[in-house]
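Student: Just passing along the structure, written as structure tokens.
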Amino acid sequence: MFDTPGPRLFALPPGVDFPRAVVDGLRDRLGDGDPAAIARVEIFVNTTRMARRLREIFDSGPASLLPRIRLVTDLADPQMRAALPRPVPGLRRRLELTHLVARLLEQEPDLAPRAALFDLSDSLAALMEEMQTEGVPPDRIATLDVTDQSGHWQRALSFLRIVQGYFAADSAPDQPALTRLALQALQARWAETPPQHPILVAGSTGSRGTTHDFMKTVAGLPQGAVILPGFDSDLPGPVWEQLTDPLTGEDHPQFRFARLLRELALDPSEVAPWSDAPAPSPARNRLISLALRPAPVTHQWLSEGPALPDLVETTADLTLVEAPDKRQEAQAIALRLRQAVADGQSAALITPDRMLTRQVTAALDPLGILPDDSAGTPAQLTPPGRLMRHVAQLMESPLSAELLLTLLKHPLCHRGGGRGPHLLNTRELELHIRRSGWPYPQPGQIRDWGSAADCAGWAEWVARTFCDRAIPGAQPLAVWLDRHVALAEAITAGSDSTDPGALWDENAGRVLRRMVEALQEEAAHGTDMGARDYADLFGALLSREEVRDRDAPHPLIRIWGTQEARVMGADLLILAGLTEGTWPEMPGADPWLNRRMRAEAGLLLPERRIGLAAHDFQQAAGAREVWLTRPLKSDEAETVPSRWLNRLMNLMRGLPGRNGPEAIETMRARGAQWLALAETAERPIPAAPAPRPSPAPPVASRPDRLSVTEIRRLIRDPFAIYAKHCLRLRPLDPLMRAPDALMRGIILHAVLERFVRDTIDTPEALSPDHLDSLAREALEPLPYPTIRRLWQSRLARISHWFCETEIARRKLARPTPNGFEVKGRAALPELGFTLTATADRIDLDARGGAHLYDYKTGAAPSKSEQQHFDKQLLLEAAMAEAGAFEGLDPRHVARAVFISLKPGGPDEVPAPLDEAPPDQVWDEFRQLIAAYADPDRGYTARRALMKDTDIADYDHLSRFGEWDVTDPPVKRGLT
């Protein structure tokens with residue numbers, strides 16, 4: 001195939017469909033002679049996707065034999081593979097490193113927190129693989145100059161010594177080490193007997209040390225050649241010569257090619273085109289090449305820029321979309337992809353931003369378009385993955401109501417049979433948990449509820465399967481995994497079946513099953529760990545798995561990562577998310593070596609990933625039609641344009657003689673058209689805002705019974721009374737009832753009632769110590785240790801005050817055994833209305849006078865509030881004078897007092913009985929109820945709330961926000 005001496009480098013320009021050009025060039029060079037010649041060709045590619053694409057192109061015709069297509073990461077043929085040791089699975093190596101790092105942290109806990117165990121193990125494994133790939137022995141790192149950072153370096157060396165044993169000659173190699181061993185064996189064999197058949201390396205940039213060395217070896221073979229993708233032939237010779245120092249040039253897209261040329265002693269002019277396939281836009285390639293020049297030579301913009309062709313024509317197929325935010329960016333991209341489908345045009349979205357690709361996929365879904373996403377779905381987000389993560393939580397912490405309902409409602413739960421009854425029982429159990437306030441359901445509670453709800457069998461399954469699964473202490477990895485899988489399968493099977501097949505049946509389940517089986521096979525190499533460490537390990541392994549959707553995607557619309565874009569071709573490429581920090585991504589922090597130390601050791605610099613991303617950008621930007629998109633804002637913050645987009649814009653702005661500014665505006669105008677379409681597509685249909693409601697239902701539908709605590713709401717927010725009693729809507733109780741003011745008030749009322757009862761006949765027990773002991777006993781069942789201590793301390797701060805004032809209260813009146821939580825009811829017969837009440841405490845004095853007390857955990861209402869809005873205690877006084885409380889018939893009401901127990905300063909706030917006597921209060925109450933017995937009287941929303949910022953339970957129902965409290969209410973008669 002080749003009649004010139006090596007080394008040989010060939011190239012294809014940016015924008016060319018690389019796999020097709022490789023095949024076309026190979027067929028042109030072999031001609032129509034020996035049909036078996038192509039079968040003797042051996043092609044090494046960098047990804048399985050590239051190999052698959054090459055086979056597809058060969059299969060599409062004309063008919064011929066196939067060359068041998070192999071991966072550069074699999075250099076050993078069957079004979080060599082038999083002679084080399086078997087590689088250690090990567091999972092086993094990570095488990096071994098986790099074990100070693102865990103032991104080190106146990107011996108020296110000051111090195112790092114235990115929570116960093118898996119991050120450190122993964123980072124250490126990545127460093128070891130990189131050392132093996134780049135051929136860097138541990139000794140070279142140990143001898144680095146660290147005079148200015150000895151403290152950090154000593155800590156890092158403690159971890160780096162862990163991997164030293166894996167580089168010993170008798171150590172079993174992992175895959176990167178085996179690939180280097182295979183390369184060394186291949187180089188030795190080829191040095192003795194060079195192969196005479198054609199060997200090609202196609203599509204690799206040589207960014208990894210082993211691949212770079214293999215490319216150099218192949219380039220020097222008698223019939224060997226390397227085909228470089230996206231080679232910039234417009235780059236001048238002096239610039240190539242400057243791309244030598246990794247510290248200054250590795251972020252350039254052509255740096256790896258410059259390094260290969262230098263080591264092969266070749267000039268860029270000696271790199272010949274592999275085929276005659278022209279670049280879709282040579283003029284645009286020149287523009288991109290000049291824009292991406294290294295920073296030290298950007299002065300060449302001034303000398304070479306004026307020689308560029310007219311930039312309006314050059315960028316005729318280039319569109320710039322600068323969206324207001326990421327949502328608008330995704331919508332514009334989705335509309336353009338929809339247009340591509342209508343035109344029969346193949347299109348691909350290229351971005352490293354996975355959140356953006358999900359937004360675009362979601363926007364395409366209503367349009368009936370499912371893109372072919374090369375990355376698939378992370379396994380941890382699939383139904384089996386989510387179930388396994390929740391089950392792992394079940395083993396590390398007590399069962400909470402939230403976790404229980406999450407598992408019971410999971411789509412894979414109880415899939416063995418009886419899914420319908422299971423969902424009905426789950427609904428009833430949830431409502432009961434919300435009503436009863438079970439933050440941490442207990443087996444006995446669930447069984448008792450099941451017996452009462454006539455689903456004892458299902459409740460027994462729930463109690464047996466979900467409760468008491470938290471396991472303390474360390475266990476071997478194999479034990480954790482067996483328990484984890486068994487529990488997940490039991491949850492999937494359900495109460496009436498033993499079949500867990502639904503967990504593993506679908507595509508996601510099969511991927512998860514393979515991961516679990518691999519972990520079971522290597523579990524013996526793991527370390528003993530606690531439940532939390534196991535959950536973290538399983539989650540970390542699960543996050544690495546991807547699940548491809550088995551549904552048939554649209555044949556024209558694809559979503560690619562930057563690496564896939566190198567080996568595929570499409571009519572339209574959309575380069576999205578072009579903001580700094582997204583594309584290119586910022587290099588992550590290296591806990592082991594800084595930038596200078598990496599350069600001295602011969603390891604890859606952080607800029608390597610930026611350089612690879614720059615090469616991907618340059619190659620994709622040369623396609624036939626290209627979109628460049630970015631959001632102007634992300635998460636309410638201004639974004640910075642990608643450095644490549646920024647350079648391109650700056651270069652064009654500085655070339656008015658080449659119509660650069662006009663070209664930018666034309667590119668933006670094309671993008672603005674699509675942004676306008678996206679805005680139009682999302683523009684809501686105009687609708688008039690809702691008025692402030694004041695519904696007036698029929699009198700027969702209005703409430704005929706209210707409690708004294710609801711009268712305040714009737715005065716301040718009548719709409720809430722309408723929603724609760726007329727529409728019978730109740731706010732849903734929280735699933736995990738927080739230890740809020742309501743709970744604190746319930747507990748405090750119970751403590752004070754018991755304290756006062758205990759001291760009726762034993763006044764010597766009226767002491768802060770006794771009150772504190774009762775509080776501790778009442779708070780003990782509360783499943784919140786911190787809140788228990790906090791509330792205990794708060795009560796202790798007011799216990800002395802309460803005991804002192806209680807002694808004063810006892811001098812005025814004496815508590816009675818039936819004077820606690822006293823229920824009462826009073827009727828308005830002429831209106832057919834009943835007022836109910838439950839008084840916290842009613843004491844009687846020697847003259848038969850009633851002393852009403854109401855406990856408040858917060859501030860008590862002021863005198864003015866009681867007169868106009870909060871009439872609870874005043875109404876209770878009126879009811880007491882009317883003899884409305886069971887078992888009590890006082891002659892009169894002597895006092896009515898709020899006992900405010902706020903931590904900042906407890907106080908007694910009396911009701912203004914002198915200014916609002918019971919008879920007057922009752923008459924005003926009768927007038928209030930009579931007003932709402934009028935059919936024309938409406939229940940106005942937020943009539944007189946304390947503050948405009950107060951939140952009412954039914955604000956969403958009244959559509960507050962569409963109207964304001966200054967708007968007049970609109971009465972609406974209901975029938």
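Student: Can you name the residue in the stretch 38-56 that is farther than 14 Å from residue 200 by Cα and touching a helix residue (DSSP H, G or I) at 6+ places or on another chain (Cβ under 9 Å) and, of all such residues, is surrounded by the most Cβ atoms within 10 Å (Cβ to Cβ)? If you could, list the steps in order and put the result at the bottom.
Tutor: Residues of the stretch 38-56 farther than 14 Å from residue 200 by Cα: 47-49, 52-53, 55-56.
After this cut, where a residue has to be touching a helix residue (DSSP H, G or I) at 6+ places or on another chain (Cβ under 9 Å) as well, the list is 47, 49, 53, 56.
Values: 47: 17, 49: 17, 53: 23, 56: 12.
In this case the residue turns out to be 53.
Student: Still on this model: Listed residues 613, 599; which is assigned to a helix (DSSP H, G or I), in contact (Cβ under 8 Å) with a residue 60 or more places away in the chain and in contact with a strand residue (DSSP E or B) (Cβ under 9 Å, 6 or more places away or on another chain)?
Tutor: That would be 613, the only listed residue that is assigned to a helix (DSSP H, G or I), in contact (Cβ under 8 Å) with a residue 60 or more places away in the chain and in contact with a strand residue (DSSP E or B) (Cβ under 9 Å, 6 or more places away or on another chain).
Student: Now for a different question. Among the residues of the stretch 921-975 satisfying the criterion of being of a type in the set (Val, Ile, Thr) and in contact with a helix residue (DSSP H, G or I) (Cβ under 9 Å, 6 or more places away or on another chain), which is surrounded by the most Cβ atoms within 10 Å (Cβ to Cβ)?
Tutor: Among those residues, the one meeting the criterion is 921.
Student: Moving on. With respect to the numbered conditions (1) polar (S, T, N, Q); (2) part of a helix (DSSP H, G or I); (3) surrounded by 19 or more Cβ atoms within 10 Å (Cβ to Cβ), which one is the sole condition not fulfilled by residue 451?
Tutor: (3)
Student: Right, next: Restricting the stretch 596-646 to residues that are among the acidic types (Asp, Glu) and crowded, with 18+ Cβ neighbours inside 10 Å, which is farthest from residue 245 (Cα to Cα)?
Tutor: 625
Student: Of all residues in the stretch 806-834, which are without any contact (Cβ under 8 Å) to a residue 40 or more places away in the chain and in a strand (DSSP E or B)?
Tutor: Residue satisfying the conditions is 827 alone.
Student: Has the stretch 366-374 got at least one residue that is of a type in the set (Asp, Glu) and at pLDDT 90 or above? Reasoning before the result, please.
Tutor: Step one: of the stretch 366-374, the residues of a type in the set (Asp, Glu) are 372-373.
The next check asks that each one be at pLDDT 90 or above; those that pass are none.
No, every residue in the stretch 366-374 fails to be of a type in the set (Asp, Glu) and at pLDDT 90 or above.
Student: State whether the residues of the stretch 874-896 include one that is part of a strand (DSSP E or B) and under 55 Å from the mean Cα position of the chain (by Cα). Spell out how you get there, then give the answer.
Tutor: Our first condition is that a residue be part of a strand (DSSP E or B); within the stretch 874-896, this holds for 885, 892-896.
Imposing the further condition that a residue be under 55 Å from the mean Cα position of the chain (by Cα) reduces the set to 896.
Checking the stretch 874-896: at least one residue is part of a strand (DSSP E or B) and under 55 Å from the mean Cα position of the chain (by Cα).
Student: Residues that are surrounded by fewer than 15 Cβ atoms within 10 Å (Cβ to Cβ) and farther than 30 Å from residue 704 by Cα: does the stretch 725-735 have at least one?
Tutor: No, the stretch 725-735 contains no residue that is surrounded by fewer than 15 Cβ atoms within 10 Å (Cβ to Cβ) and farther than 30 Å from residue 704 by Cα.
Student: Take the stretch 897-917 and flag every residue that is of a type in the set (A, V, I, L, M, F, W, C) and either under 50 Å from the mean Cα position of the chain (by Cα) or assigned to a strand (DSSP E or B) (or both).
Tutor: Residues satisfying the conditions are 897, 898, 899, 901, 909.
Student: Moving on. Are there any helices (runs of 4 or more DSSP H) wholly within the stretch 461-566 with 1 or more residues that are touching a residue at least 60 places away in the same chain (Cβ under 8 Å) and in the same structural domain as residue 613 (by TED's automatic domain parsing), and if so which?
Tutor: In the stretch 461-566, there are no helices (runs of 4 or more DSSP H) which contain 1 or more residues that are touching a residue at least 60 places away in the same chain (Cβ under 8 Å) and in the same structural domain as residue 613 (by TED's automatic domain parsing).
Student: Another question, then. For residue 862, all conditions in the list (1) crowded, with 21+ Cβ neighbours inside 10 Å; (2) more than 24 Å from residue 933 (Cα to Cα) hold save one; what is the number of the exception?
Tutor: The single condition residue 862 does not satisfy is (1).
Student: Looking for whichever is out of contact with any strand residue (DSSP E or B) (no Cβ under 7 Å at 6 or more places or on another chain) and more than 16 Å from residue 561 (Cβ to Cβ) here; the options are 354, 336, 358, 386. Which one fits?
Tutor: Checking each option against the conditions leaves just 386.
Student: Which of the following residues is surrounded by 15 or more Cβ atoms within 10 Å (Cβ to Cβ), modelled with pLDDT of 95 or more, touching an Asp or Glu at 6+ places or on another chain (Cβ under 9 Å) and more than 23 Å from residue 557 (Cα to Cα): 318, 292, 311?
Tutor: Of 318, 292, 311, the one residue that is surrounded by 15 or more Cβ atoms within 10 Å (Cβ to Cβ), modelled with pLDDT of 95 or more, touching an Asp or Glu at 6+ places or on another chain (Cβ under 9 Å) and more than 23 Å from residue 557 (Cα to Cα) is 311.
Student: Residue 750 - would you say it is of a type in the set (A, V, I, L, M), under 25 Å from residue 841 (Cα atoms) and modelled with pLDDT of 90 or more?
Tutor: Numbers: of a type in the set (A, V, I, L, M): yes; under 25 Å from residue 841 (Cα atoms): yes; modelled with pLDDT of 90 or more: yes.
Yes, satisfied.
Student: Restricting the search to the stretch 887-920, which residues are exposed (fewer than 14 other Cβ atoms within 10 Å of the Cβ) and within 29 Å of residue 795 (Cα to Cα)?
Tutor: 904, 905
Student: Every residue in the stretch 947-975 that is in a strand (DSSP E or B) and among the acidic types (Asp, Glu), please.
Tutor: Of everything in the stretch 947-975, nothing turns out to be in a strand (DSSP E or B) and among the acidic types (Asp, Glu).
Student: Cβ-Cβ below 8 Å, separation at least six or inter-chain, first residue in the stretch 924-947 and at positive phi, second among the acidic types (Asp, Glu): which pairs?
Tutor: Once the first residue is at positive phi and sits in the stretch 924-947, its partners that are among the acidic types (Asp, Glu) give 942/717; 942/955.
Student: Of all the helices (runs of 4 or more DSSP H) wholly in the stretch 173-246, which have at least 1 residues that are within 14 Å of residue 44 (Cα to Cα) and modelled with pLDDT of 90 or more?
Tutor: Of the helices (runs of 4 or more DSSP H) lying wholly inside the stretch 173-246, those with at least 1 residues that are within 14 Å of residue 44 (Cα to Cα) and modelled with pLDDT of 90 or more span 175-192, 209-219.
Student: Moving to a separate point now. Quick check: anything in the stretch 272-280 modelled with pLDDT under 90 and buried (at least 16 other Cβ atoms within 10 Å of the Cβ)?
Tutor: yes
Student: Also, I was wondering about something else. Before we move on, is residue 251 surrounded by 18 or more Cβ atoms within 10 Å (Cβ to Cβ) and in a loop (DSSP other than H, G, I, E, B)? Lay out the reasoning, then the answer.
Tutor: On the way: surrounded by 18 or more Cβ atoms within 10 Å (Cβ to Cβ): yes; in a loop (DSSP other than H, G, I, E, B): yes.
In short, yes.
Student: For the stretch 285-326, what are the residues that are charged (D, E, K, R) and not in a strand (DSSP E or B)?
Tutor: Hits for the stretch 285-326 are 286, 293, 304, 310, 313, 317, 325, 326.
Student: Within the stretch 58-94, take every residue that is part of a helix (DSSP H, G or I), of a type in the set (A, V, I, L, M, F, W, C) and crowded, with 17+ Cβ neighbours inside 10 Å and give me the one that is modelled with the highest pLDDT.
Tutor: 58
The values are calculated or read from the model by the stated rules, or taken from the named source; none is laboratory data. The shown structure was predicted, so the numbers you read here are calculated from the model rather than taken from an experiment. Ideal geometry is used to build each Cβ from the backbone, glycine not excepted, and the neighbour counts take in all protein chains shown.
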